[in-house]
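Visitor: The structure follows.
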Amino acid sequence: MTDPNFAAGAVVCVESEIRGDVTIGPRTVVHPKARIIAEAGPIVIGEGNLIEEQALIINSYPENITPESELEPKTMTIGINNVFEVGCVSQALKIGDNNVIESKADVGRNVILTSGCIIGAFCQVNTCEVIPENTVIYGSGCMRRVQTERPQPQTLQLDFLMKILPNYHHLKKTVKAGHAAS
Amino acid sequence: MASLLQPERVIYLVRGEKRIRAPLSQLYFCRYCSELRSLECVSHEVDSHYCPSCLENMPSAEAKLKKNRCANCFDCPCCMHTLSTRATNIPCPLPDDPTKTAMKKAYYLACGFCRWTSRDVGMADKSVASGGWQEPENPHTQRINKLIEYYQQLAHREKQERDRKKLARRRQCMPLAFSQHTIHVVEKYGLGTRLQRQRPGAPISTLAGLSLKEGEDQKEITIEPAQALDEVEPLPEDCYTRPISLPEVTTLRQRLLQPDFQPAGATQLHPRHKHLLMKRSLRCRKCEHNLSKPEFNPTSIKFKIQLVAVSYIPEVRIMSIPNLRYMKESQVLLTLTNPVENITHVTLAACDEGDPDDINSTAKIIVPSKELVLAGKDAAAEYDELAEPQDFQDDPDVVAFRKSNKIGFFIKVIPQREEDADVIVSLKIRHDFRNLAAPIRQNEEGGDNTAEAIWLTHHVELRLGPLAA
């Protein structure tokens, strides 16, 4: 199992669970109790992302394929300035920039999020498609509409968290290759 | 199990104009008639109007003027949520010095649910936080107003002619009778008959715009008839070939919420002012007493008068059901709660064979034959340590437990049908009710102060669930 690799500016709390080959870019904040699990392949997370409590980002095997069979590991890429709100589950293999996955939303493995998409709270999106830019999915029937402007990056929130979180939580240190995880 | 406590499990029968079966929590109790009332046997009256988001009160006349909409709050045309006002800073040149730019606040409307903003339809940002937003004008307003005026005048004229005819026919006119008749017949263009029903003899003043006196010649309003056009705009050439882009087309619901315009494209969906909600009071139709009167203040959820059935009638609830089998006797545990403060005596009876109320039951029921005694509801009982527990001689076969004003008792159920449907049993509850609303008559000996007890009987249906496999 390769070790996780955090960039210098990332704020990753000790209480978060990170397993497998996970690369986290600078200025990303991972809250306690967030889980990033790279089972079936590595996860690469860009910069400026906000991953809140109890969010689950998992690169897992598809359900009908057993782990023993030969399967090349697919990398899950997550772009910059995304927000994963509390309790969401994301298995999408490719996520672009400036997306917002709201609380308790569920994004399946075959969905590809481009930029500026907002998956509303408790919406389950497990179709097999590319969500066009600036789409908003909302409501109990997962209605869709296109918005004219992309959601703003949460720079203010990120700055605040990067200042405050180290005061109350221990952070995971950056791990260099070859050393054990601290 | 929480599903046993669902309100639809225990239904009480209301014997009003219609026979209505509803759970006790949805019923009212008129303590002057001593009968249960449901929402359909009471008359509803509007108390006050208020906006659900800014909680602003509005008198009825003002509400009618503003077409029952709030002046400050808007609804998202896309998802019907409440819109909130957001501010951004935009640089704008100072009036004195065009070269320097200052940050000015610009406000726009945004929906937190579907992320619609007022910029989506092209509405410019306003410089004031509230009051700057205008609803688009309906192009047909003038024609509609003119038509309304003409028809109101027509109705008034017809009513006057009818009154004149009635006066000429009968020498002894009964103003009460014929004015009510003309109300029902003629006021088809007015507000409706509800308001007039309350005041049977009062003069009709719903057509507030016209102030006419008898015999005065009013100005004749004429309208041009609508003209039918021969030529209709043809459909665009690519109507059948152009691919539809779904995000741009409005849904039926979005379209019909704006009946003035009914826009087909999402870029024409403008926000509308929020609809007002109203507080209503209920009145018993037989004795004209108020059953429910809410507070005037929109922020308060209390009632001035609240004659709900749960605070007068003992409530039956299902506590546990064993496995029900066809034609086998099983014991069901029910609870009875006493809502009043004095001791209540309850007698249960199974429905007779030819009971016209008993249409739904699918099982036979054997109820305890003895009278059950319920203690009064004592709010201070848990704090009062010195109180002696009252000693009721309970038969352990009948009464399972007793706890302050609640009692658990057994009934025996024998399902009679083998279908897949739920087992429904019905029984009659007879309890004594002390009417504290009626004046207490003092005896000549000066002894008895308690009010007279009357016995009320209710028909209750219990839905016990499906038969066990």
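Visitor: Residue check, B:ARG86 against (1) away from chain A (no Cβ under 14 Å); (2) open to solvent by 70 Å² or more (accessible area, probe 1.4 Å), all met but one. Which one?
Guide: That leaves (1) as the condition not met.
Visitor: Can we say B:THR337 is under 23 Å from B:GLN6 (Cα atoms), touching a residue at least 60 places away in the same chain (Cβ under 8 Å) and touching an Asp or Glu at 6+ places or on another chain (Cβ under 7 Å)?
Guide: yes
Visitor: Is it fair to say A:ALA121 is in a loop (DSSP other than H, G, I, E, B) and open to solvent by less than 20 Å² (accessible area, probe 1.4 Å)?
Guide: No, not satisfied.
Visitor: Also, quick follow-up: Which of the residues spanning region A:135-169 are part of a strand (DSSP E or B) and either touching an Asp or Glu at 6+ places or on another chain (Cβ under 9 Å) or surrounded by 17 or more Cβ atoms within 10 Å (Cβ to Cβ) (or both)?
Guide: Once the filter is applied, which keeps residues that are part of a strand (DSSP E or B) and either touching an Asp or Glu at 6+ places or on another chain (Cβ under 9 Å) or surrounded by 17 or more Cβ atoms within 10 Å (Cβ to Cβ) (or both), region A:135-169 yields A:THR135, A:VAL136, A:ILE137, A:TYR138, A:ARG144, A:ARG145, A:VAL146.
Visitor: Can I ask one more? Which one of B:HIS140, B:HIS156 is away from every other protein chain (no Cβ under 14 Å) and open to solvent by 50 Å² or more (accessible area, probe 1.4 Å)?
Guide: B:HIS140
Visitor: A further question follows. Under 7 Å between Cβ atoms, which residue pairs at least 6 apart in sequence (or on different chains) link something in region A:136-152 that is more than 7 Å from chain B (Cβ to nearest Cβ) and within 10 Å of A:CYS117 (Cα to Cα) with a partner that is open to solvent by 40 Å² or more (accessible area, probe 1.4 Å) and of a type outside the set (Asp, Glu)?
Guide: The qualifying pairs are A:ILE137/A:ARG144.
Visitor: Which of the residues spanning region B:31-48 are more than 17 Å from B:HIS459 (Cα to Cα) and over 14 Å from the mean Cα position of the chain (by Cα)?
Guide: B:ARG31, B:TYR32, B:CYS33
Visitor: On the basis of being open to solvent by less than 20 Å² (accessible area, probe 1.4 Å) and within 14 Å of chain A (Cβ to nearest Cβ), does B:THR117 make the cut?
Guide: yes
Visitor: In region B:302-317, is there at least one residue being surrounded by 19 or more Cβ atoms within 10 Å (Cβ to Cβ) and modelled with pLDDT under 90?
Guide: no
The values are calculated or read from the model by the stated rules, or taken from the named source; none is laboratory data. Given the structure is predicted, the values throughout are model-derived calculations rather than measurements. Neighbour counts are summed over all protein chains in view; Cβ atoms, including those assigned to glycine, are modelled from backbone coordinates with ideal geometry. For accessibility, only protein heavy atoms count, side chains too; no ligands or nucleic acids. Shrake-Rupley method; radii C 1.70, N 1.55, O 1.52, S 1.80 Å.
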